[in-house]
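Here's the structure we're looking at; comments come further down.
We did not get these values from a lab; they are worked out from the coordinates using the rules stated. Treat the numbers as computed from the prediction; the structure is a model and nothing was measured.
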Amino acid sequence: MELTPRVHSIPANVPFYTGPLAPNVYLVADGGQGALIDAGFPDDASIRARLDYLRSMPGPSTSARGGSAYGGGSGQALRLADIILTHHHFDHSGGAQRLREATGARICLHRQEERLLADWQADAPLDVELPPERREMAEMARAWRQAAAQATPDRLVEDGDTIRVGEATMEVIHTPGHTAGSICLYLREEGVLFAGDTVLGLGTVAVMPPPHGDMGQYIRSLERLKGYPATLLCPGHGPLVRDVGRKLQELIDHRHQREEQVLAAVAGGRGTVRAMLAEIYPELDSRLEGMARGQLLAHLAKLEGEGRVVRQGGEGEEAVWGLG
Ligand SMILES: [Zn+2]
Ligand SMILES: [Zn+2]
């Protein structure tokens, strides 16, 4: 699906992960060359959908630039040069190795994500909350995380790096918070911002306490993105965002409101995660409780770093917090 002259979305129908949970995969194409932003899941249906779309795209106009390994008969399909992963989570990276094998593209990842990607058995939080009763989902997620770990990067990128696609230029913006090495990409020629999970099209993304995430960094990353004159934001999940500045401000405001709620609970003598959960998320679906606890701990870690709350006793979720 063409979103702008250079930007396409390549959806896939994946069993289990549909609707707002499905990861978005984008293609930036210029002059017969292309770069994927994220790779989606590694299942057959997803890989076929991405490759079919790439094959349908025109290649370089001069045959001297060569065809592509996956192009089939004509040899004039788009030449995919890069698969850029916004972060290591398997819903974004799972399909990268299969797509690299099929296209010869190189995989680009922020250097702080390399170890996180490789360490697929680590007990790190996932983007998708898996219901415990759905064992087949948990098994599939495990297999897909393992597949994601094969996406060893060919190029490690950092803040300020640029990635060329034909005549177009994408700028790498390091936006830590959701993960340590999350990146956004800014397509200068069209003012398009690819946000990974730093901005979702719907709702708010999970930001876990260190070492998995960092709320202070996350808010600073959103503030920084406001400095880009983007007219279209392509999120890691959910619908496109047209009013980019307003969306970023909404997300910043939401986190500040949550922080005020946490401070008010602590000030009122309700300084445990259990008490805050009941107060701040009164009607929470039990399946989302783990995620909500993580958000509260992330806010508390930020506030502790700023000296605004202090831990009076206990550890982790059992800790009792008071005002600093
Ligand atoms: Zn995600
Ligand atoms: Zn993620």
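Structure summary
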{"item": "Most mobile of His88, His110, His254 in a GNM of the chain (Cα contacts under 10 Å)", "result": "His254"}
{"item": "Percent antiparallel among DSSP beta bridges (both partners in region 7-242, rounded to 5)", "result": "60 percent"}
{"item": "More than 17 Å apart - percent of Cα-Cα pairs taken over region 244-285", "result": "40 percent"}
{"item": "Calculated diffusion of region 251-323, Stokes-Einstein form, Kirkwood radius summed over Cα pairs, 37 °C and 0.692 mPa s, µm²/s", "result": "270 µm²/s"}
{"item": "Residue-averaged [θ]222 nm for the chain, counting only DSSP H segments that reach four residues, each worth -39500 (n - 2.57)", "result": "-10000 deg cm²/dmol"}
{"item": "Pairwise centroid distance, computed over Cα atoms, of region 201-257 with region 95-149, Å", "result": "23 Å"}
{"item": "GNM top mover of Glu101, Glu113, Glu259 - the chain, alpha-carbon springs below 10 Å", "result": "Glu101"}
{"item": "Taking the chain and dividing mean pair separation by its residue count, relative contact order in percent (alpha carbons under 8 Å, at least six apart)", "result": "13 percent"}
{"item": "Amide hydrogen neighbours beyond the local backbone of Thr272, cut-off 5 Å, H modeled", "result": "Trp321"}
{"item": "Cubic angstrom per residue, convex hull over Cα atoms of region 108-229", "result": "127 Å³"}
{"item": "For Asp159, distant residues with modelled amide H under 5 Å away", "result": "His174"}
{"item": "Computed P(r) (all Cα pairs; the chain; 10 Å bins; percent)", "result": "6, 26, 32, 22, 9, 3, 1, 0"}
